[in-house]
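The values are calculated or read from the model by the stated rules, or taken from the named source; none is laboratory data. Model, not experiment: these values are computed from the prediction. Because the Cβ atoms are built from the backbone with ideal geometry, glycine has one as well, and the counts that use them run over all protein chains shown. Keep in mind that these areas ignore ligands, DNA and RNA; they rest on the heavy atoms of the full protein, side chains included. Shrake-Rupley method; radii C 1.70, N 1.55, O 1.52, S 1.80 Å.
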Amino acid sequence: MMDRRSFVKKVLNGTIAGSLYLVWPMGGDSLEIPEEIPGIKGKDYDILHQEFAFIVDVTRCIGCGSCCVADKREYNVPDGNYRTWVERYVKGFSDQIYVDSPHGGLDGYQHPRTDIDEKIRDTFFVPKLCNMCKEAPCVQVCPVGATFISPDGFILVDEKRCVGCAYCIQACPYSARFLNPVTKVAEKCTWCYHRVRKGLLPACVEVCPTGARKFGSMKDETSEVYKILKGPGVLTVLKKEMGTFPALYYKGARREVI
């Protein structure tokens, strides 16, 4: 039986056939393929009666980069640009925080930093992606209506209308957008909208080997995200003071992050 480290290494190297559709569940003994969104797959999609949430569990993220690999392959993301990325936070005994994200975390974090001149107290990883804000600044500033909120709550970009002015890129408080150097239009994470409409999980959620990324319907009271958000425990959003009301929640996020 392949151990987790070997599995992650093979995912990153692309040596597992169909590796983007595999996930190793926490505590599981074998590889499974949970790809469907409970309560969505196989049913008529009512676009006016949907509410989704995304949860990132910082305590589970190991910085392997599988999510970034999945995203890049799913969307053919140009080199040097990222729809989702993973940041490494290193905390010294002086309480100084050192943050880096080489290649967006695409290659994982297999080596410690050697440029820090103090003893390290802690290291943790924080995945970043579009926050799907209910009050989205990117939508407000778009002069041509190319960035819009769909009836089911997704922030999307109409590539045919986008003029590449980059106003939305500047307005996003989470730096989640970039100008595609090939198409010359704004691009960002969509939570794999095309997959969700089919009842499938976002690609990054599907491949996470530790269950650090969770996605589901808030209309389904049996879903994992519903139970987490409605249950005990502390969840936070990034930059709450901005008043954007994100649908992306973080579990176990440190004060250095939020």
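List the pairs whose first member sits in the stretch 131-157 and is of a type in the set (Asp, Glu), whose second member is surrounded by fewer than 17 Cβ atoms within 10 Å (Cβ to Cβ), and whose Cβ atoms are under 7 Å apart, counting only residues at least 6 apart or on separate chains?
Correct list of pairs: Glu135/Gly243; Glu135/Phe245; Asp152/Ile47.
Filter the stretch 156-182 for residues that are in a loop (DSSP other than H, G, I, E, B) and under 25 Å from Ile40 (Cβ atoms) and give the result.
Asp158, Ala176
May I ask you to list the residues in the stretch 136-164 that are out of contact with any helix residue (DSSP H, G or I) (no Cβ under 9 Å at 6 or more places or on another chain) and surrounded by 16 or more Cβ atoms within 10 Å (Cβ to Cβ)?
Gly153
Pairs only if they're at least six apart or on different chains, beta carbon under 7 angstrom, first in the stretch 39-55 and under 23 Å from Pro127 (Cβ atoms), second charged (D, E, K, R); list them, first residue then second.
Glu51/Lys219; Ile55/Lys214; Ile55/Lys251
Out of curiosity, is Gly153 of a type outside the set (Val, Ile, Thr), farther than 22 Å from Val141 by Cβ and assigned to a loop (DSSP other than H, G, I, E, B)?
No.
Is one or more of the residues making up the stretch 96-107 open to solvent by 30 Å² or more (accessible area, probe 1.4 Å), out of contact with any Leu (no Cβ under 6 Å at 6 or more places or on another chain), of a type outside the set (Lys, Arg) and more than 24 Å from Ile258 (Cα to Cα)?
yes
Filter the stretch 183-199 down to residues that are in contact (Cβ under 8 Å) with a residue 40 or more places away in the chain, part of a loop (DSSP other than H, G, I, E, B) and surrounded by fewer than 21 Cβ atoms within 10 Å (Cβ to Cβ) and give me whichever is nearest to the chain's Cα centre (by Cα).
This residue is Thr190.
Within the stretch 43-79, can you find the residues that are out of contact with any strand residue (DSSP E or B) (no Cβ under 9 Å at 6 or more places or on another chain) and in a loop (DSSP other than H, G, I, E, B)?
Lys43, Asp44, Tyr45, Asp46, Ile47, Leu48, His49, Asn76, Asp79, listed by residue number.
Read through the list (1) exposed (fewer than 15 other Cβ atoms within 10 Å of the Cβ); (2) basic (Lys, Arg); (3) in a strand (DSSP E or B), then give the number of the only condition that Arg88 fails.
Just one mismatch for Arg88, condition (1).
Which of (1) open to solvent by 50 Å² or more (accessible area, probe 1.4 Å); (2) touching a residue at least 40 places away in the same chain (Cβ under 8 Å); (3) touching an Asp or Glu at 6+ places or on another chain (Cβ under 8 Å) does Phe125 not meet, given it meets every other one?
(1)
Identify all residues within the stretch 210-235 that are part of a helix (DSSP H, G or I) and in contact with a Ser or Thr (Cβ under 8 Å, 6 or more places away or on another chain); write none if there are none.
The answer is Val225, Tyr226.
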